[in-house]
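Below is one structure, written out as structure tokens; comments come after it.
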Amino acid sequence: MAKKTGSLTIADLLAARFQSVAEYGEDTVQDVLAADIAAHNLITTQMLTELCEITTDRQALSGSSLSGEMVEVDEHGRAPTQRDRPGSTVGFPLKLYQFNVGWTRKWLEGATPADLAIKTQGAEKAHLRRIQTDIKKAVYESANYTHRDHLVDDVDLAVKRFLNADSAPIPDGPNGETFTASTHTHYDANATLTAAVLTAIIDDVVEHGHGDRVRLNINRSNEAAVRALTGFTAYVDPRLTLQADANEPTVRATINRLDNRPIGLFGAAEVWVKPWAIADYYFAHALGGPKPLAFRQRTQAALQGLRMVSQSDIHPLVVDFMEAEFGLGVRTRTNGAVLYVGGASYVDPTI
């Protein structure tokens, strides 16, 4: 009978509970873990691209004003020179995160492949949770701050939020709209949820030219309140109805994950329940155009993503930590607006 062939996976390591790493083969375990971490990093990067520009830059210019005014003159006239207004400089932090595994040489003598697989999966889960936490901080916290780039050269970086009335230059809107930088903010608040205040944060995004595939992200606990608003059109649940006539909506509601799915339209914005969205905070952004956030990584490809930090090239499984170096910051200050429901003024959530 022919033998089965194929690559070993993390599932094979999890099943190996009754033999040591030495008996299973250190090189085999190392190869399987490295492949699983590489797959984890690829999936993580793909997940981030919806909100984030993946970059190795530590600073960027968030928008610039290309508008001007045509001035009428006679045949001898000369219009005054007009200067473009630059956007604001935004900085992206870079931070080092560790997950202690403590795989000493002595420990490996008695450890099983399953022990290493379980710990690796724990590190991957912690990595995703840390990224999710930093996404929340980048989206929902409203105060600018300074980050010292201590992992590189100790340069101070100005990490900005979405527009928050900090007097930084704001580019003109696509129809010539101008904004008062000292008062214009994308962090709104209201005591109760109404169609008007939800429309206002969508307009905050659209009026700056971000009108391509606008999305409204909400927590699952707020789904019923949004569904009850005037102007909300629900997607059809395929378990309850099939399209019977031409007037029935053709978009079907996703039934696979209740905490990560589109549920309908509010006006022209698609409403998504998101697992990282915070209860009573509503976040609007546009998928088309420049990304709202930046995910900064090291310039060296070998230092990007989650990785095992071995103390020995001879014994690559002698690992103290799983490490990841990254940071999140607002990339496009105009492509994001947050509504807090619960008070008259915006309050940063506890994250």
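For the reader, a short list of remarks on this structure follows.
- Residue list for segment 333-342, restricted to those being at negative phi and open to solvent by 10 Å² or more (accessible area, probe 1.4 Å): Thr334, Tyr340, Val341
- Here Asn190 fulfils each of the conditions (1) out of contact with any Ser or Thr (no Cβ under 8 Å at 6 or more places or on another chain); (2) within 21 Å of Phe92 (Cβ to Cβ) apart from (2).
- Enumeration of residues in segment 189-234 that are of a type in the set (S, T, N, Q) and within 24 Å of the chain's Cα centre (by Cα): Thr199, Asn217, Asn219, Ser221, Asn222
- Flag if Ala253 is at pLDDT 95 or above and surrounded by 12 or more Cβ atoms within 10 Å (Cβ to Cβ): no
- Pair list, Cβ < 7 Å and 6+ apart or interchain, from segment 208-220 residues that are more than 23 Å from Ile278 (Cβ to Cβ) and open to solvent by 20 Å² or more (accessible area, probe 1.4 Å) to residues that are among the hydrophobic types (A, V, I, L, M, F, W, C) and at pLDDT 95 or above: Gly211/Ala286; Asp212/Ala286
- Checked against the criterion of being open to solvent by 40 Å² or more (accessible area, probe 1.4 Å) and closer than 23 Å to Arg215 by Cβ, the candidates Gly329, Gly289 yield just one match: Gly289.
- Qualifying residues in segment 263-278 (those that are open to solvent by less than 40 Å² (accessible area, probe 1.4 Å) and part of a loop (DSSP other than H, G, I, E, B)) - the one farthest from Thr194 (Cα to Cα): Trp276
- Of all the residues in segment 293-322, those that are open to solvent by less than 50 Å² (accessible area, probe 1.4 Å) and in contact with a Lys or Arg (Cβ under 6 Å, 6 or more places away or on another chain) number 3.
- Restricted to strands (runs of 3 or more DSSP E) entirely inside segment 1-94, those with at least 1 residues that are at pLDDT below 90, touching a Leu at 6+ places or on another chain (Cβ under 7 Å) and open to solvent by less than 60 Å² (accessible area, probe 1.4 Å) are 85-91.
The values are calculated or read from the model by the stated rules, or taken from the named source; none is laboratory data. Quick caveat: nothing in here was measured; it's all calculated off a predicted structure. Heads up, the Cβs are rebuilt from the backbone with ideal geometry, glycines too, and the neighbour counts pull from every protein chain shown. These area figures cover heavy atoms from the full protein model, side chains too; ligands, DNA and RNA do not enter into them. Shrake-Rupley method; radii C 1.70, N 1.55, O 1.52, S 1.80 Å.
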